[in-house]
Amino acid sequence: MSTTALLDTGNTAWVIVSTILVLLMTIPGIALFYGGLVRQKNILSVIMQCMLIVGVISVLWIAFGYSFVFGTGLADSGNPLSYVIGGFDKVMLNGITTSTLTTGNIPELIFVLFQCMFAIITPALILGAFAERVKFSGFLVFTVLWNVLVYIPMAHWVWGGGFLQQMGAIDFAGGTVVHINAGISALVMAIMAGKRRDYRVGHPMMPHNITFVFIGTAFLWLGWFGFNAGSGLAADGIASNAFLVTHLATCVAALTWMAIDWIHNKKPTTVGACTGAVSGLVAITPAAGTVDILGAFFIGLISSIVCFYMVAVVKPKLKYDDTLDAFGVHGIGGIVGSILTGVFATQFISGEGGVEGALYGDWHQLWVQVLATVVSIVFSAVMTFILFKITDRLVGIRVDKRVEEEGLDIYEHGESAYNH
């Protein structure tokens, strides 16, 4: 890190704004999106899980998470462990002052906080898979373990100089680290936690507040501009492209889901349009810094079709209870986006000497993307299985039958969202 370079106030201002936008994605974005989709008796449990994540993950990240991901102690000493963990040199932000600069000539302190917001939202995505049936204490223990043993290693591998980054894997803003990681964990958690007691295939439990779902989607859409356009750490052409392709892919995905809904179910639904928009946001995330509008259009189109099929056809057929389709949208959308990055990446965006996808003749990048995707899936699935078993043994995961029937809000938090 340099202390002699001149601070870039424009880049710094943009990353500060982006950090605020990414926090809005979890609170209130995910809290309202997921909270509106669950039943009335469980909305506060979702809100409280989001609040817990913001608090506990932020403390862990500043204490040692940042150092484990972006520390350079091991790499500087030539230790081969640097391929799997950053180091201990920045624990408690050791050595980082107000004048320490990082990529983009921004203060490293704001980079710490920007990356903290990614560490926050990733476990928040998982909670949608096992909503309405998990103990708050179990959720706390699992979230802490998962952050330390799954998110932090993956973030280092892809962004902090680890082996996937060294291999050339492209993940501009979190396709593998955030969405595949969270989505696969969500599926494992949903299966291992078991179905909700009143879950019946073909008899959907209706969202209690679709207006909240829409507001949550709006916050996610808005926040995603910070998520993607902020990830270049500069107010420049790449940020502008990321902003543009993020919006375009999301629009295409929302319209595609709406059209399929209209044809398949005879009516275009608000929940469907919102879900489609999120699938587009997810899929464009890894590609936002390397694809143009052609890539954005097809990534939005393909992700929406594939995610709809997973949610409407595959899930009922396999009969797993992914409460709010965390796997069907984030896991599958992340996989689609990560792989299609290897198809549509172009030097027209990344610049001369930048990456090219299979569409432009470089099949190598596609295979790198596939390998990074497979590594993410396997690591996340295996670790989540282990951590579920540990958490269940320590404090238990599933709430009692009576608690589930009468609602987590009253039994777990002593409150009701709607006091008539």
#### Entry: Max mean-square fluctuation residue, GNM over the chain, Cα-Cα springs under 10 Å, options Ala155, Ala124, Ala312
Ala312
### Task
Let me know the volume per residue of the alpha-carbon convex hull for the chain, in Å³.
138
## Note on the structure
For Phe163 and Thr270, extending 7 Å from Cα along the Cα-Cβ vector and measuring point to point gives, in nm, a value of 4.8
#### Entry: Neighbourhood charge, 9 Å Cβ-Cβ cut-off, centred on Gly128 and excluding it, Lys, Arg +1 and Asp, Glu -1
-2
### Query
In percent, what relative contact order does the chain have, based on Cα pairs under 8 Å that are 6 or more apart in sequence?
23
### Query
Ignoring any ligand, DNA or RNA, what whole percent of the accessible area of the chain comes from carbon and sulfur when the probe is 1.4 angstrom?
69
### Query
How big is the gap, in Å, between the Cα center of the range 352-385 and the Cα center of the range 264-299?
20
### Query
Taking H as built 1.01 Å from N, whose amide H comes closer than 5 Å to the amide H of Val134, not counting residues under 5 places away?
Val399
### Among His203, Val252, Ile263 the positive-end extreme of the charge dipole of the range 184-295 (Cβ point charges)
His203
### Query
If one computes the Cα centroid of the range 4-51 and of the range 176-241, what distance in Å separates the two points?
12
## Note on the structure
Checked against the positive end of the charge dipole of the chain (+1 on Cβ of Lys and Arg, -1 on Cβ of Asp and Glu, about the Cα centre), the farthest of Ile293, Ala182, Asn419 is Asn419
### Task
With a 1.4 Å probe and every protein chain left in place, work out the accessible area per residue of the range 164-311 in Å², rounded to a whole number.
37
### Task
Report the full-extension gain for the segment Leu140 to Leu294: residue separation times 0.36 nm, less the Cα-Cα distance, to one decimal in nm.
51.2 nm
### Query
Spin-label point model (7 Å from Cα, Cβ direction): what's the Arg197 to Val59 distance in nm?
3.3
#### Entry: Listed residues Ile20, Ile263, Ile30 arranged by accessible area, highest first, probe 1.4 Å
Ile263, Ile20, Ile30
#### Entry: Linear extension gain, Phe348 paired with Asp89, 0.36 nm per residue minus alpha-carbon span
89.4 nm
### Task
Using just the helices of the chain, give the 222 nm mean residue ellipticity in deg cm²/dmol: DSSP H runs with n ≥ 4 each add -39,500 (n - 2.57), and the total is spread over all residues, rounded to 500.
-19000 deg cm²/dmol
### Task
Check cross-link reach from Lys135 to the lysines: straight Cα distance under 25 Å, and skip same-chain residues fewer than eight apart.
Lys41, Lys195, Lys315, Lys319, Lys389, Lys401
### Surface accessible to a 1.4 Å probe, per residue, for the residues of the range 12-105, Å²
39
### Message
If I ignore ligands, DNA and RNA and count only protein heavy atoms, how much of Tyr199 is accessible to a 1.4 Å probe, in Å² to the nearest 10?
### Response
40
### Query
About the Cα centre of the chain, what is the dipole size in debye to 20, counting +1 per Lys and Arg Cβ and -1 per Asp and Glu Cβ, all else neutral?
1360
### Task
Identify which of Val314, Val112, Val271 has the largest mean-square fluctuation in a Gaussian network model of the chain, with springs joining Cα atoms closer than 10 Å.
Val314
#### Entry: Rounded tilt (10° steps) of 108-126 against the dominant C-alpha axis of the chain
30
### Set of aspartates and glutamates near Lys90 by C-alpha distance (under 15 Å), chain-local residues within fewer than 8 positions excluded
Asp76, Glu108
#### Entry: Per-residue ³J(HN,Hα) for the range 63-74, Karplus 6.51 cos²θ - 1.76 cosθ + 1.60, θ = phi - 60°, Hz, x for Gly and Pro
5, 8, x, 4, 5, 5, 8, 10, x, 10, x, 6
### Query
Under the Karplus relation 6.51 cos²θ - 1.76 cosθ + 1.60, θ = phi - 60°, what is the ordered set of whole-Hz ³J(HN,Hα) values for the range 305-316, x standing for Gly and Pro?
5, 5, 5, 4, 4, 5, 6, 8, 10, 5, 4, x
### Query
Based on Cβ point charges of +1 for Lys and Arg and -1 for Asp and Glu, what charge dipole magnitude is obtained for the range 334-420 about its Cα centre, in debye rounded to the nearest 20?
360
### Task
Just reorder Trp224, Trp367, Trp157 by solvent-accessible area, largest first, 1.4 Å probe, all chains present.
Trp367, Trp157, Trp224
### Query
Can you put Ile85, Ile170 in order of accessible area, largest first, using a 1.4 Å probe?
Ile85, Ile170
### Task
Run the quick spin-label model on Leu81 and Val17: label points 7 Å from Cα toward the beta carbon, then report their separation in nm to one decimal.
4.2
### Task
Determine how large the accessible area of Phe68 is when every protein chain is in place; take a 1.4 Å probe and give Å² rounded to the nearest 10.
40
### Query
Using a Förster distance of 35 Å, how high is the FRET efficiency between Trp262 and Glu405, based on the Cβ-Cβ distance and rounded to 0.05?
0.45
#### Entry: Extreme residue, positive dipole direction of the chain, given options Gly35, Leu359, Ile62 (C-beta unit charges)
Gly35
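The values are calculated or read from the model by the stated rules, or taken from the named source; none is laboratory data. Treat the numbers as computed from the prediction; the structure is a model and nothing was measured. Note: ideal-geometry Cβ built from the backbone for every residue, glycine included; neighbour counts use all protein chains shown. Please note that ligands, DNA and RNA were not included when accessible areas were found on the heavy atoms of the full protein model with its side chains. Shrake-Rupley method; radii C 1.70, N 1.55, O 1.52, S 1.80 Å.
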